[in-house]
Every structure is written in C-alpha cells, then in structure tokens.
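**Student:** This is the structure I have questions about; it appears just below.
Bear in mind that the values in this text are calculations on the coordinates, not laboratory data. Everything numeric in this text was worked out from a predicted model, so none of it was measured. So basically every Cβ, Gly included, is an ideal-geometry build from the backbone, and we count neighbours across all protein chains shown.
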Amino acid sequence: MSRRERISGIWLMSMNLLALFAFTCYFVAQMWLNILQAAYLALVVLQGLALTIYMWGPKKLKFRWQKALYRILYASSFFVIPAFLFIFMGLVSQYHVQIPDSIPATSMPAEELLPMEKTTVYDTGTVYVIFPEYSRVNHVCETRPSKSDASITWCSGAAFQHTVSLGFSQENVEGDHAVQGTLYESPYNWDSFAAFTCVDGQFSFEFDDPSGAIRAAAEAGGSGFMQFRLIRDGEIVMGLNRPRSRCYRTLAELNGNLCIIDSRRMMQFDDFMEEVRRLGVTNALYMDMGAGWNYSWYRSAAGKVITLFGLPVPWSHNWVVFQK
C-alpha cells in the first residue's frame, strides 16, 4: 500500500468518526430542523460508503461510473469539517455567557429589581433580569438589526417562524404582527398565543384578543408580535411542557416595568418558571431559546455590545429590538 493510500484511509476513517460526532452533537444541541437532520444523516451515510469502498479496494472498481461514484463519495468528506464546526457552534450557543457587570441580587427583595437610567442587569443567582434602556420597542423583520446601530440597546429573536427557510416572507412569521405601523396578518394564529405591543413607548400584553391588539398597534403606528402566553396577572397560563434542559427567556413585566429574563445557565423549564414566579412577574411571553434562534445581544451602560448568544442563523428573520 502506497503512502498516499494510507493517508487516504486515515482521512476517511477520521471523517467517519467526525461525521458521527457531528450527528451526535446535532441531537445534543436540540436543533430540531428536518433539513439539518437529513443533511447530517446523509453526510454520515456518504462517509460510511466511502470508507466501505476504500476497505474493499478502489482498484477493484472496473466500471467508469463506479470510479466516479467513489470520487464523489470521497469528495463529500471535505464537507465534514465545516459541517462539524457549524453544529459545534450551535451546541456552544446553547450556553449563556456570564455577564460580569451585572448587579448581584441573590439577597435583594424582588420589588427592588427596577430599571435605572441606563441598561441595567441583575443577577439573582438563577436568572438575569435585564432592563434595557428604551423609548420604543420595535418588531424588525427580514434584515437583522446591526450592532453598529447605537440606538439599539437590546436585540433578540421574537416570533416563531412556521418553516425553516433561507428566504423571507411575512406569512412565514407565526401570528399577526405589526412593524412600525404596518400590519401583517398571519395564517398561523394559535389559541395559545398572546400579543406584545408597544405604541409611543407604552408596552402592553394582550391575552384575550391578541389579533385585535396587533391591529390597534399598527393603526397607531406601533409594533407588536405574538408568542406563547406564559404568565397572566401573576398566574402561569402556558399549557405546554418544556422537559428539556436549556437556557430559557421571557419578555416580561416586572414591578410595572418591561424587562427580559434569561436563565443564567442551562436548566429545567420548571426551575426557570419557579424563579420567574418567585420574582413576582405580572405578565410574560415565552421567548424561544432553541439553538440558532437564541441569537441575542444588548448594549451595556458603557455603550459596549455584549453578545449573549452569537449564532445568527440565516433562516432566522424576525427580532424584537429596544431602542433609546
């Protein structure tokens, strides 16, 4: 066996192991996207076929189509490393960064968690309570908000999208939504949705008539979107169970003020909800924090952009932004 053939064997065996590891990371990261699942499974199968032919002996291939097939299978191995890096980033993005300039609040009474003049972050030991500085809250679609826009103090994913698609369409955003005075009606208005709206800097949560609230916000020149209802008047109203351990987020009203509440680390949903309830949140919407959809950042009081989850996947197309 020549040196080149030995190197080829080592390469194919390595790519087989890495493809299997990438497929395993896919499930650990809980990126439940059918497109990715098919792609990573296909990559595993292709590497297995390439290694099988190598072990059998490429020189035994007699027909031209067989040799061409082997070259294609071999060439597919060069996609394994970038595929692994992508899924590894997805796995890492499940973990919330620590916020060093947060205010320790483990022993602070919940009623003292209040916004200050600039963006304020409290650390309760279980969650981060973030009060972004703002004069308005907008729902932004299609073009991802830029970190260079100094007016933005918070950016994160907002509404669900019905399908995973690189292209953007307003109909793919689940739930009626308003973008700075423009109403977009959705064919996907679920009974479990509530609405968040902001008009002239005044925010509101609507549980009984979310579509009407979005329509009214649009007519008044405001913004809004729908998400799963989580807490209403201090009572948990979310009927869905989230058994998996991950970082969770809610857009909430606490002590009469609008805030974001993030879990500090991966945790069970029940534990997250127990802390949210302990804080005395009045109203809240569930904000999806799955891998890839959890892209988020905020601008600190010093004006520095702090990235919490930094994987801006190309099929995420709508965000909620706080602007001063």
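**Student:** About its Cα centre, how strong a charge dipole does the chain have in debye, to the nearest 20, once Lys and Arg get +1 and Asp and Glu get -1 at the Cβ?
**Tutor:** 2820
**Student:** Less than 15 Å Cβ to Cβ from Ala105, Lys/Arg counted +1 and Asp/Glu -1: what total charge do the surrounding residues give? All intermediate terms of the calculation are to be shown ahead of the outcome.
**Tutor:** Working: positive: Arg264, Arg278; negative: Asp101, Glu111, Glu112, Asp123, Asp262, Glu275.
Result for the local shell: -4.
**Student:** Sticking with this structure for a sec: Tally Lys and Arg at +1 and Asp and Glu at -1 over the other residues with C-beta under 14 Å from the C-beta of Asn318: what net charge comes out?
**Tutor:** For residues surrounding Asn318, the net value is -4.
**Student:** Net charge around His162, counting only other residues with Cβ within less than 11 Å of its Cβ (Lys, Arg = +1; Asp, Glu = -1)?
**Tutor:** -2
**Student:** Based on the Kirkwood radius over alpha-carbon pairs, what value in µm²/s does the Stokes-Einstein equation return for the translational diffusion coefficient of the range 3-92 at 4 °C and 1.567 mPa s?
**Tutor:** 95
**Student:** Ranked highest first by the average count of other Cβ atoms within 10 Å around their residues, in what order do 274-282, 100-108 fall?
**Tutor:** On the way: 274-282: 17.2, 100-108: 12.2.
Taking the mean over residues of other Cβ atoms within 10 Å, the ranking is 274-282, 100-108.
**Student:** What length, rounded to one decimal in nm, is gained on full extension from Gln37 through to Asp233, with 0.36 nm per residue of separation minus their alpha-carbon distance?
**Tutor:** The span from Gln37 to Asp233 would gain 66.6 nm if fully extended.
**Student:** With the Cα gyration tensor of the chain in hand, convert its eigenvalues to equivalent ellipsoid semi-axes via √(5λ) and list them largest first in whole Å.
**Tutor:** Over the Cα atoms of the chain, the semi-axes work out to 45, 22, 17 Å.
**Student:** Still on this structure, please answer the following. Only Lys, Arg, Asp and Glu count, each charged at its Cβ (+1, +1, -1, -1), so figure out the dipole size of the range 43-145 about its Cα centre, rounded to 20 debye.
**Tutor:** With Lys and Arg at +1 and Asp and Glu at -1, about 1720 debye.
**Student:** I would also like to ask the following. Rounded to the nearest 500, what is the chain's calculated 222 nm mean residue ellipticity when only DSSP H runs of at least 4 contribute -39500 (n - 2.57) each, over all residues?
**Tutor:** Dividing the helical sum by the residues of the chain leaves -10000 deg cm²/dmol.
**Student:** Report, to the nearest 10°, how far helix 210-219 tilts away from the longest principal axis of the Cα atoms in the chain, using its own Cα long axis and a range of 0 to 90°.
**Tutor:** The answer is roughly 80 degrees.
**Student:** Quote the FRET efficiency, to the nearest 0.05, computed for Asn189 versus Ile81 with a Förster distance R0 of 45 Å and r equal to the Cβ-Cβ distance.
**Tutor:** 0.60
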